[in-house]
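Read the structure below first, then the notes.
Values in this text are rule-based calculations from the coordinates and carry no lab data. Quick caveat: nothing in here was measured; it's all calculated off a predicted structure. Heads up, the Cβs are rebuilt from the backbone with ideal geometry, glycines too, and the neighbour counts pull from every protein chain shown.
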């Protein structure tokens, strides 16, 4: 559990640094842009590795079950993961109608992912992981300047987001989730 919590603090702490403009600018001034990016990447990666390893160890040890979600919540979570994956791919795809309308598709992806996992799991480890990521994504979005949403026609970036998102969803649902996390998500 300690490794999980340290990883969570390191990973989300570094990602929250972008909201602390004064501290971030001071670090860039001291380390230069490349040095800051290197430190940011290194600490984020270390946090992510600790987070994944700690979460896996905690789940294997059997964290307390806080609640028992009804089985159909798993089906809802599986469906929610489709837009989560589409928004995730849209964050990196060329600009299209989805990216223009959502503005911050990565943050929306994290929110939908967290909600899906909170619905489907009632153990303390998952609730802490998903709940913390959900709170961070809300915090990261709140207070950002409101950007005007422009009318962008549906185009290549949207097709990439939808196709790539569906492919990523299928890969995780049928193969990667059980392989990486030891949990089958497809019914049966």
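Using the 2.2 N^0.38 Å rule of thumb for compact globular proteins, work out how segment 57-115 stacks up: its C-alpha Rg over that value, please. Relative to the 2.2 N^0.38 Å estimate, segment 57-115 comes out at 1.47. Distance from the Cα centroid of segment 29-73 to that of segment 91-120 is 19 Å (rounded to whole angstrom).
For segment 128-147 versus segment 1-25, the spacing of their alpha-carbon centroids is 13 Å. Ranked by the mean number of other Cβ atoms within 10 Å per residue, highest first, peptides 13-20, 123-130 order as 123-130, 13-20. Measuring nothing but how far apart in sequence close Cα pairs (under 8 Å, 6+ apart) lie, relative to its length, the chain scores a relative contact order of 24 percent. For a paramagnetic label modelled on residue 150 (point 7 Å from Cα along Cα→Cβ), amide N atoms under 13 Å away belong, within segment 84-102, to 95-97, 99-101. Diffusion coefficient of segment 1-62 by Stokes-Einstein, Kirkwood radius over Cα pairs, 20 °C, 1.002 mPa s: 175 µm²/s. Shown is the FRET efficiency for residue 174 and residue 20, computed with R0 = 30 Å from the Cβ-Cβ distance and rounded to the nearest 0.05: 0.15.
Residues in segment 151-166, backbone N under 15 Å from the label point at residue 95 (7 Å along the Cα-to-beta-carbon vector): list them, ranges by number please. Only 151-158 pass the distance filter. Pairs of Cα atoms in the chain fall into 10 Å distance bins, from 0 up to the last occupied one, in shares of 9, 29, 36, 21, 5, 0 percent.
Calculated mean residue ellipticity at 222 nm for the chain: -24500 deg cm²/dmol, from DSSP H runs with n ≥ 4 weighted as -39500 (n - 2.57), summed, divided by the residue count and rounded to 500.
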